[in-house]
1. In terms of the Cα gyration tensor, with a ≥ b ≥ c the square roots of its eigenvalues, is segment 76-145 rounded because a/c is under 1.5, prolate because a/b exceeds b/c, or oblate?
2. What angle do you read, to the nearest 10 degrees and between 0 and 90, between the alpha-carbon axis of helix 22-32 and the longest principal axis of the chain?
3. Taking only Cα atoms and a 10 Å spring cutoff, compute GNM fluctuations for the chain and point out the largest among R88, R114, R63.
4. Taking a Cβ-Cβ separation under 4.7 Å as the criterion for a possible partner, which cysteines of the chain have none?
5. In degrees between 0 and 90, to the nearest 10, how far off the longest principal axis of the chain does helix 78-87 point, with axes built from Cα atoms?
6. Please check: in the Gaussian network model of the chain (C-alpha springs, under 10 Å), which one of Y96, Y31, Y125 has the largest mean-square fluctuation.
7. Of the candidates P127, P141, P106, which one comes out as most mobile in a Gaussian network treatment of the chain with C-alpha springs shorter than 10 Å?
8. Please compute the alpha carbon radius of gyration of the chain, then divide it by the globular-protein estimate 2.2 N^0.38 Å. Two decimals is fine.
Amino acid sequence: MTQWRIPCLGDTRHLEDRLLDQIVLDTIMAYHGWEPRFCMRHVVAGYPDTVELDAYILAETPRGAARTVEVELKEHDFAKAVTQAIARLEYANTVYVVMSRLTLTPMNMEYLRRAIANGVGIVLYEPENCKVPRLILPARPHSCGEECAKVATIVKQRMETYLFQKKLF
């Protein structure tokens, strides 16, 4: 796994966490022309129905505008990954599914159609066998509302606290 060039908080105890590393982040950011600032794993969002966002990235456009990216990590269950990604569209400007493999069955083709219709991006990456992630479908950025702003603020505050504490020690 490559070394992170930005702060990335959160544990990586789940098997699927290996799917998001600096190489995947660079692939997504390069496509959009954004600069990543922070990354946080396993962010809990929403009230009263809470959801867990596998990874949440705060980024910046070349003009200085803030952007948020939610990344849904799944080993192989494409239908579940797309369903969860669509449900999390309200929490970020851009949503991606990162998977290790994808077989295009008739059912998966239907979920691919849903991903396209909702602007969800798809990246295939298997760190053990493949050095370069494949951006299969770029995500379509959209404006996000109040929930997105709340989550972004929480992540930013946690990262600032982390960076402040790191300077103290």
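1. Details: a/c = 2.11, a/b = 1.37, b/c = 1.55.
Oblate, because a/c is 1.5 or more while a/b does not exceed b/c.
2. That works out to roughly 80 degrees.
3. R63
4. C130 - these cysteines have no disulfide-compatible partner (Cβ-Cβ under 4.7 Å) in the chain.
5. Tilt of helix 78-87: around 50 degrees.
6. Answer for the Gaussian network model of the chain: Y31.
7. Checking each option, the largest mean-square fluctuation is seen for P106.
8. Values: Rg = 15.3 Å, N = 169, 2.2 N^0.38 = 15.5 Å.
Relative to the rule-of-thumb radius for its length, the chain sits at 0.99.
The values are calculated or read from the model by the stated rules, or taken from the named source; none is laboratory data. Bear in mind the structure is a predicted one, so any value in this text is a computation, not a measurement. All Cβ positions, glycine included, derive from the backbone under ideal geometry; neighbour counts span all protein chains shown. Calculation scope for accessible area: heavy atoms of the full protein, side chains included, ligands and nucleic acids excluded. Shrake-Rupley method; radii C 1.70, N 1.55, O 1.52, S 1.80 Å.
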